[in-house]
Amino acid sequence: MTDRPVLFAAPMVLALLGGRKTQTRRPLKIAGYKGFFQFGPSDTRGYDWNFRRADHVWEDYRHGELLSLLPFQVGDRLWVREAWRIGAWHYHNSEVAIDYRDGPDKSWRFVDETDQLSRLIDQSRDDAAKADTSLNYMTSREASWPPGEGPCRWRPSIQMPRWASRLTLTVTDVRVQRLQDITEADAKAEGADAIGSENRSDPDERRHHWGFQHLWESINGPETWGANPWVTATSFTVHRNNIDQMEGAA
C-alpha cells in the first residue's frame, strides 16, 4: 500500500463529493519507460502485453507484471489535490507583512456545491488567478495586490499540501484498456453527465458515454478521443476525510 497524491479539476471534485465518481481514466504510463509506443496484446507465448521502448526494442510482460508498473496499485490510497485558498489572514501595520497560519489548523476554503466560483476554477495557474479577481479583498488600505496575487487568492491543485486534502480514495481495481472501450456504466461512474450527441438523429437521446467523451476532450484535447489511446482505468472508494485521519496512515 502506497500513499500518492492525485489531481482533480473542480467539476470532478464535486462529482467525488456528490458520490457520482468512483472511477478515473488516465493516459497509460509504465514505470521506467518514457516514450514507449506500439503498446498492445502480445503474440509471444506466455506473455500478455508488449510495447516498444524509446530505442525501438520490444518488451513483453505478463499481465500481473505490467500492473505492478502502473502508477496506481490496488490498495493504494490517493489524497486528492484540488483548487484551494486561504480562508483567513491577519495584517500587521507595523511590519507591513501578512501573517497567515501555515499548518494543519490553517483556515482554508474549497469548492463546494454552493460555490458558484467553482465553475471558474481550473487546474491551471491562469484560471486560478482569474477566479481570484472577484475574491481578492484587503483588510487595510495600506495593503494592495494585483488581482490573483493576494494571500487569499485561489491556488491551483498542484500546490495543495497533504494536510489540507479533504478527500481520500482507496484503489479497488486497476485495468488497462482502450479509451473508447468504456461502457455506459463506467462512463457514469466517471462522474460524466448524460448528454445528447450532435451526430445522432434523436435529439432527446442522452448518454453518459457521450458526456465522458466531451469531458475527456475538454481535458486532453479534441483529437485525443479519436486517437483511442490506451489508458489505465482505476476504480476506488471515496472517503470524505484527510488521509492522515484514516487508520494506518503511511
ask   = Suppose R0 equals 22 Å; then what is the FRET efficiency for Thr237 and Thr183 from their Cβ-Cβ distance, rounded to the nearest 0.05?
value = 0.65
request  = May I ask for the net charge around Val171, where only other residues with Cβ less than 10 Å from the Cβ of Val171 are counted and Lys, Arg are +1 while Asp, Glu are -1?
outcome  = 0
message = Taking 35 Å as R0, compute the FRET efficiency from the Cβ-Cβ separation of Arg162 and Glu205 and round it to 0.05.
response = 0.20
note = Pseudo-spin-label distance Asp48 to Asp173, built 7 Å along Cα→Cβ, given in nm, is 1.4 nm
Label-point separation in nm, Thr224 to Lys29, each point 7 Å along Cα→Cβ = 1.2 nm
For segment 1-64, the Rg and Dmax computed from alpha carbons only, in angstrom = 16.6, 46
Spacing of the two label points (7 Å from each Cα toward its C-beta) at Phe36 and His63, in nm = 1.7 nm
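No value in this document is a laboratory result; all are computed from the given coordinates. Every value quoted in this text rests on a predicted model; they were computed, and no experiment measured them. Every residue, glycine as well, gets a Cβ built from its backbone with ideal geometry; the counts of neighbours run over all protein chains shown.
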